[in-house]
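A quick write-up on the structure given underneath.
A short reminder: the numbers here are calculations on the coordinates, not readings from a lab. From a predicted model like this one, the values you see are computed outputs, not experimental measurements. Cβ placement follows ideal geometry from the backbone for every residue including glycine, while neighbour counts extend to all protein chains displayed.
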Amino acid sequence: MRPKQQQLTPDEVNRVIGERVRDTRQDLGLTMERFAEAAGLSLGMLSKIENGQTSPSLTTLTSLSNAAGIPFTALFRGLDEEHDAVIVPPGGGIEISHEGSGTGRTYHDLGALRGPLRQIEPVLVTITKADEVFPLFQHGGVEMIHMLEGKLEYGYGSKRYELIPGSTMQFRGEVAHGPTKLIDLPVRFLSIKVHATTDT
């Protein structure tokens, strides 16, 4: 069951913004009088904002951020929406169908934060049999694998690397990659894909 998110009241929003404005002014070493003058506000208005006693308009907040030389959004730090944490107990994770799935190969999804874009994809890979050819993969973003058990040869483009427990490998997903030889079974490794985003 998803925990209920805390709802902010207008007074709480005013209080947090007031604290950010006051902290910013103090970091700049300015008195209230000088900061109010620089922002084109009255001393009384700045006092009310800093004490959370009024809801400043967007125009007023823009004037304050310009006077301080900071991004407008800096005045909203502390108002970020809470997000769920994903907890997977030992031995947990959902077994998923994967293009590399087959006899003796399982993939367990270790959870991902909800949202329109999945930015990180942690998967526990277990290989217990070596009676099929393992496919090579290509995908966007980067991937890191960390060996937990066994020994294998891992291909990346035309190169081959031998990985043993404790080995870590990081690479770009666009280059063909995957296990090319299973040396000591069972093999178990953690794969973490970090997908490219369109955020700027």
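Search the structure for amide H atoms under 5 Å from the amide H of residue 105, placed 1.01 Å from N in the peptide plane, and list their residues when 5 or more places away or on another chain.
128
Take residue 195 and residue 95, extend 7 Å from each Cα along the Cα→Cβ direction, and tell me the distance between the two endpoints in nm.
Taking the two extended label points, one gets 2.5 nm.
Using amide H atoms built in the peptide plane, which far-off residues or other-chain residues are under 5 Å from residue 181 H to H?
Placed amide hydrogens put 153 under 5 Å from residue 181.
For region 51-59, in order, what is each residue's ³J(HN,Hα) by Karplus, 6.51 cos²θ - 1.76 cosθ + 1.60 with θ = phi - 60°, in whole Hz (x at glycine and Pro)?
With the stated coefficients, region 51-59 comes to 8, x, 9, 8, 9, x, 6, 5, 4 Hz.
Under the Karplus relation 6.51 cos²θ - 1.76 cosθ + 1.60, θ = phi - 60°, what is the ordered set of whole-Hz ³J(HN,Hα) values for region 169-178, x standing for Gly and Pro?
Going residue by residue, I get 9, 10, 7, 7, x, 5, 7, 4, 8, x Hz, with x marking Gly and Pro.
Suppose R0 equals 41 Å; then what is the FRET efficiency for residue 172 and residue 42 from their Cβ-Cβ distance, rounded to the nearest 0.05?
Details: r = 56 Å, r/R0 = 1.36.
Computed FRET efficiency for residue 172 and residue 42 comes out at 0.15.
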